[in-house]
Amino acid sequence: GHIVNTGSITGRIPVPYQAVYAATKSAVITMTESLQYELEPEGLRFSVFCPANVITAIFGTMTPPPDAVTVPDAIDYIFGEIEKKAVVICLPQSARDVEALYRVDRPEYDKFMRNLAAERRDAGEQAAARLPQARIVRVWNVPEYKSDEWFAELSVPLFRDTWLGEYAELSGSYRAFD
């Protein structure tokens, strides 16, 4: 048999304001790789696909980034890599390029991520200023997508010492802000 798990490119490389998400996806990736070693002698194989931009409902009414791939293209790529016995499968090509930059030219990668962190911090502070008593939990956009659309996950106190994580709203789910 062959088991395929879902990771994320964010589990392979550090991305600002996605620490908790990245930690969970890193765990999935490492678990998958470990299980491959452990259970291969039993005839089981494992893969984990680590997508960046795949055109799914996550984009809502937004225009997907130019590097985004369709679900059928992603599936074809994943199955092609499984046939090659790949364990970790990253897509699209831009995700593989960013991961290579992280591993090959760390100073350039760090510069890129520091700029992204500053942009996300500024965007989050602007969003939090619009909502009294809110604190920033996570701010993101798609790093490879040169967009003014940002998303913030904010926590707003409901009761004393109780926090509820909420997404601001755009198209019923998220609010974009610049």
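Read-outs: derived from the displayed coordinates by stated rules, not from any lab. These numbers come from a predicted model, not from an experiment. Heads up, the Cβs are rebuilt from the backbone with ideal geometry, glycines too, and the neighbour counts pull from every protein chain shown.
For K111 and A19, what does the FRET efficiency come to when R0 = 22 Å and r is the distance between their Cβ atoms, rounded to the nearest 0.05?
Efficiency, from the Cβ-Cβ distance: 0.70.
Which translational diffusion coefficient, to the nearest whole µm²/s, is obtained for region 1-60 from the Stokes-Einstein equation, given a Kirkwood hydrodynamic radius over C-alpha pairs, 20 °C and 1.002 mPa s?
172 µm²/s
Starting from 0.36 nm per residue, how many nanometres of slack lie between I82 and E40 once their C-alpha separation is accounted for?
Length gained between I82 and E40: 13.7 nm.
Kirkwood Rh, Cα Rg: Rg to Rh for region 58-97?
1.04
Roughly what percent of Cα-Cα pairs across region 38-111 reach past 14 Å?
The calculated P(r) of region 38-111 puts 68 percent of pairs beyond 14 Å.
Which value, in nm² and rounded to one decimal, describes the direction-averaged projected area of the C-alpha convex hull of region 28-67?
Computing the convex hull of the Cα atoms and averaging its projections yields 3.9 nm².
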